[in-house]
Structure formats: structure tokens, C-alpha cells
Amino acid sequence: MSTRPDAPETPSQQTLPPQPLLEDEALDRLDEFLDSDKVDEDALDLISAHGFMLALAVAPSELPAEQWLVELFQGEPRYQDDAERDDIIMLLSSLRRNAMAVLEQGGLLSCLSS
């Protein structure tokens, strides 16, 4: 059944505007880390890591962080210290969590551009 062109949209037909998954400053920190010598040259860049985390957000089952971190970084990064390690893992986890929340609310995810 189709709707008339002049009919108002129902709440289920309305689409929320795309939502950023991280603030710009957080994305900059993550981009800088992923583009550094601290990660393997085969590690994912920011755009690929974004897609990887979105895939994890919609995966049918949750993977432990230890498993997806190895895949994303292609090994263990050379973190400056524990604080940097915790910050980077928190940013990646937040990106995944935020993607799940936006999708569960029926929203659109904003895409990153290089």
C-alpha cells in the first residue's frame, strides 16, 4: 500500500539526520594514532576502522575486545603508556557503542570522509 504524496509522514517514516559517532576531537586523536608508527603498517586506517567498528556493531554476536583489537591493529600497537592504550580502546569501543545506539533508534550513521 502506497501513501499519497501530500500525506504527512508518520513517525516510523521519518528519518533522523545522520549522527556522528564521535566528536571531531576524538576522531582526530584516533586518526593520529592509527596513522602513526605505533601501529603495524597493515593496521586499518581511520576510514577502515570506522567501517570495522560499524560491522562489529551489527554483528549477530559480540566479539571480545581482545579478538577484534588484534584484527584491527594487525598485532599489538606500541602504546606510549597504559593511559594511551586505555584512551584508544575507549574511543574504538565508544564508536561501536554509539553506532549500536543510533541504529537501534532507527537513525542514520554519518560517514567519514577522507
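None of the figures in this text is laboratory data; all of them are computed from the coordinates on show. All figures in this text were calculated on a predicted structure; none of them were measured in a lab. Cβ: placed from backbone, ideal geometry, glycine included. Neighbour counts: every protein chain shown.
Some notes on this structure:
- Per DSSP, loop trypsin sites (Lys or Arg not before Pro) in region 39-100 with at most 16 further Cβ within 10 Å: Arg78
- Cut-off 12 Å between beta-carbons: net charge of the residues surrounding Asp35, Lys and Arg +1, Asp and Glu -1: -4
- For region 24-104, the Stokes-Einstein estimate of translational diffusion at 20 °C and a viscosity of 1.002 mPa s comes to 166 µm²/s, using the Kirkwood hydrodynamic radius over alpha-carbon pairs.
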